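Here is the structure we will look at, set down as structure tokens.
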Amino acid sequence: MNQTSAGLLEFDALRQLLRRFVQSPGGRARLAAMEPTSDRRELEALGVETQEAIDYLKAAQNPQVAGRAASLRLRFDNIPELEAHLGKLRIEGAALEPSEILELTAVLDRAADLRAVLIAAADRHPRLGAQAGRIGDFRPLLRELSGKILPDGSVADSASVMLNRVRRDIERQQRNIHQSLERFLRAHRDDGVLQEEFITIRNDRFVVPVVTGHKRKVEGVIHASSGSGQTMFIEPLETIELNNDLVRLREQEAREVYRILAEMTARLREARVEIGETWEVLGELDFLFAKASFAMEFGGVMPRFSLRDAPRLHVRSARHPLLDDVLRRQRKHVVPLDLTLEGITRTLLISGPNTGGKTVALKTVGLLALMAQSGLPVPAAEAEFPIFENILADIGDNQSIEQSLSTFSAHVARLGQILTEVTADSLVLLDEVGRATDPEEGGALGVAVIDHVRKWGAFALASTHLLAPKIYGASTEGVLNAAMSFNEQTLEPTYHMRTGMPGASAGLRIAERLGLPGTVIDQARGYLSTQQQELARLLRLLEVRVDELTQREGEVRSERDRIEAERKALKEFWEKRESQKLTELERRTETMLDEFRRRAEETIERLAESGEQKKVAVKGAMRVAQIKRELREEFAATVRTTQRQSDTGTLDEGPPELREGMRVRLKGVREPARIRRLIGADRIEVESGFLKLQMERDDVVEVLPDTPEGAKLPKNVTFRGTEAPLVSFRELNIIGKRADEARDEVEKFLDQAALGGLSRVRIVHGHGMGVLKKLVREMLKESQHVAKFYEAPQTEGGAGATIAEMREG
């Protein structure tokens, strides 16, 4: 990626902004090494990882919303730099300092916690779990080293038996020395030898302060004197040997401490590779969550990358992160940028007033493209970019006194470099192309440069005040004009970009707003040609018309949304109301049927006195059950038909027209049937299962939707045809049923057996009082589907079951 362009687009300043979110030395190293890449696979992997980190932080910040998916917060602060420690581990025989071991084990302990947390969340965040899996399991090592180094960086007494014993010897020796010196102080308390009565240390040896004039009265070794020279610090002769023993014990202690440190270092050295890998992972995780934190604070999203053969540059509500950061501190907001370039349209020419935001628009697109190809979230609601091989920018004044470059010559030199490096996979950003020279020649040069870039097939954004590029944008296929808006009332730019038309520069009006004298402004207007004035007036008129159309479009969209919302609410209201009506209708119908059944049963019981009357009663009960079932079916079919007609708007169209091949539901027949042919005006021939029947047209209670096998069904709609019988023998068990329940089930069972073409069925009724058996026999005797019936053999239930042989179709 072109480093000059990265500098012009303030990529290093963005790095400093991201530094706020990085907590560890390893994370800062990853940030420093971050560079844009064109490797699609790497970018897609970075995007998935960063999105998982963003999702993790969202779950951590809103545990009540996330519920069980809530995540624990991760911290990477207070992690020390370990590069020097790892360097020592690479040197065989070198021993780490206690503080270095303490820091190293503390980092490993922190890493173990992070590993446990992320692996526990691996089912929701698999990429984070995979990263955590790279962290070594140092628990055995940490247990072995635990407690040997104290928080102050010293080696603990318990680090070894030898060290503990030597330190106890040192304590005893120190007490012996103190006792010896205290005896010395008591002996010379009154003879004027002592300057003060206390014991101190000089050169690691215990001494007492003696008046300089009396030093010869004390036998011993002088170790130091005070700044004034009035006091000499003398080690009395009788404590010299005691101090010598103490020194030897301390040397022994130092050797044991070094041995312990060397041993601990050796253990850490054995895990050097795993520790190095863990250190790398901690840095990567810190940088990863820094990117996620940046996205959370700046409202960023992970960009998509378009395919190479269908490149697309699209941003919605995009904001320049550095400008956003500055304005936030001022409690202001960035005006977002919306832009789409795709297909053959890959060039955008932005015109409009000075200070109107043209350069910011170029920098926003350029910096967001760099961020996208660095694996960073971009501050936008949506973002999609091609993968660019190069981002080439000419923004700002590049004049150089040292190189004898004027503004124009520096501009031309940069344009030459861009035209040399441009390819079809480039993004070219040109600020004020053709500037700093004669407007006519500069405009011609700008058009030539832009057209050269366009012919390469590169994506290009250019800003201009010149007329020639504006005309070129309006008349060239694949080039789109855009204008930065200007408020005519306040004479201030609005920073909104509109595509499809060029914008007026409004230089004189901006100069007037910025305080230039009115006389000068009026004189300048007088120097404008008639053509220039007319063009400026036309552009202003276009801006006003576009603003009006945009406002009306917004109003129409709002009104459409309101009407749609009202329509949905009204539909829900009527659906709820109709549902309530149908429920009430069903309840009343069921009540009427129950009352009808009760009265019919009372009448039948009164009639069931003689044998002949009993037969009539049974027939009556069967007919009652049949009528009840038919009423229920007809009611259900009527409800379904009414609902379907209501949904399709055909509620008042009368009875449906019958045609051959239609699927229908017939009165008194449970299974759907298909019309084979129409017989005259009143009759039809239908096929239901294995039966062919001739029926009255009025027997059709419902026309069913035709769903042939293999047809595609609407969403949330399923089709289930009639199940064919799997075997030639089926049975019904009615043991424990009431008489009316058993009657309904037997009748339904016989209908299904007939429609299914079964030859033989069994009805299990049990022994009991014989009521069910008697009922079944009477129903079988009266049934038109049954050829004969008889008691089941002992192997099939004996007297507790009845076999019925069905009539052939």
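The values are calculated or read from the model by the stated rules, or taken from the named source; none is laboratory data. The model shown is predicted, which means the values in this text are computed figures rather than measured ones. Heads up, the Cβs are rebuilt from the backbone with ideal geometry, glycines too, and the neighbour counts pull from every protein chain shown. In case anyone asks, the SASA skips ligands and DNA or RNA and just uses the protein heavy atoms, side chains included. Shrake-Rupley method; radii C 1.70, N 1.55, O 1.52, S 1.80 Å.
Electrostatic bookkeeping for Ala29 treats Lys and Arg as +1 and Asp and Glu as -1; over the other residues with beta carbon under 12 Å from its beta carbon, the sum is -2. The alpha-carbon atoms of region 295-407 define a convex hull whose volume equals 152 cubic angstrom per residue.
Between Leu367, Thr278, Leu288, the Cα set farthest toward the positive side of the dipole of region 266-399 (charges on each charged residue's Cβ, about the Cα centre) is that of Leu367. The convex hull of the Cα atoms of region 213-354, projected and averaged over all directions, covers 23.2 nm². Against the criterion of solvent-accessible heavy-atom surface with a 1.4 angstrom probe, Arg674, Arg697, Arg308 sort, most first, into Arg308, Arg674, Arg697.
Compute the distribution of all C-alpha to C-alpha distances in region 220-299, in bins of 10 Å from 0, and list the percent of pairs in each, rounded to whole numbers. All Cα pairs, binned at 10 Å, distribute as 14, 17, 16, 14, 13, 15, 9, 2 percent.
For region 235-338, the dipole from Cβ point charges (+1 on Lys and Arg, -1 on Asp and Glu) about the Cα centre works out to 1360 debye, to the nearest 20. First check a/c for region 174-267, with a ≥ b ≥ c the square roots of the eigenvalues of its C-alpha gyration tensor; if it is under 1.5, answer rounded, and if not, answer prolate when a/b is larger than b/c or oblate otherwise. Prolate is the answer for region 174-267, as a/c is 1.5 or above and a/b outweighs b/c.
Full extension of the chain between Lys748 and Glu441 gives 101.0 nm of extra length, using 0.36 nm per residue less the Cα-Cα distance. For Ile675, the solvent-accessible surface computed with a 1.4 Å probe is close to 10 Å², ligands and nucleic acids excluded. Computed over protein heavy atoms with a 1.4 angstrom probe, the accessible surface ordering of Lys781, Lys748, largest first, is Lys781, Lys748.
Among the trypsin sites (Lys or Arg not before Pro) in region 322-380, those placed in a DSSP loop whose Cβ has at most 15 other Cβ atoms within 10 Å are Arg331, Lys332.
Solvent-accessible surface (1.4 Å probe) assigned to Trp456 amounts to roughly 120 Å². For region 304-369, a crude dipole built from +1 on the beta carbon of Lys and Arg and -1 on the beta carbon of Asp and Glu, taken about the Cα centre, is about 240 debye to the nearest 20. Note on region 197-279: with neighbouring protein chains present and a 1.4 Å probe, carbon and sulfur make up 50 percent of its accessible heavy-atom surface. Over region 247-287, one equal point on each Cα, no solvent: what is log10 I(q)/I(0) by the Debye formula at q = 0.15, 0.24, 0.31, 0.32 Å⁻¹? The Cα Debye sum returns log10 ratios of -0.54, -0.76, -0.91, -0.93.
In region 69-213, the ratio of gyration radius to Kirkwood radius, Rg to Rh, stands at 1.27 when only Cα atoms are counted.
A probe of 1.4 angstrom, applied to the heavy atoms of all protein chains, finds Val360 with accessible area near 70 square angstrom.
Its Cα gyration tensor gives region 304-366 an equivalent ellipsoid; the semi-axes, largest first and in whole Å, are 26, 15, 8. Shape of region 1-46 from its Cα gyration tensor (a ≥ b ≥ c, root eigenvalues): rounded if a/c is under 1.5, otherwise prolate when a/b > b/c, or oblate? Cα axes put region 1-46 in the oblate bin. In region 228-326, taking the dipole from charged Cβ atoms about the Cα centre, the farthest positive-side position among Leu313, Ile260, Gly229 is held by Leu313. Separation of region 86-134 and region 302-381, taken as the distance between their Cα centroids, equals 39 angstrom.
The distance from the alpha carbon centre of region 747-809 to that of region 221-253 is 121 Å, rounded to a whole number.
Summarised in one figure, the compactness ratio Rg/Rh of region 22-120, Cα atoms and Kirkwood Rh, is 1.07. Against the criterion of solvent-accessible heavy-atom surface with a 1.4 angstrom probe, Phe789, Phe138 sort, most first, into Phe789, Phe138. Farthest toward the positive end of the dipole of region 101-260, out of Leu142, Ala122, Thr212, is the Cα of Ala122, where the dipole comes from beta carbon charges about the Cα centre.
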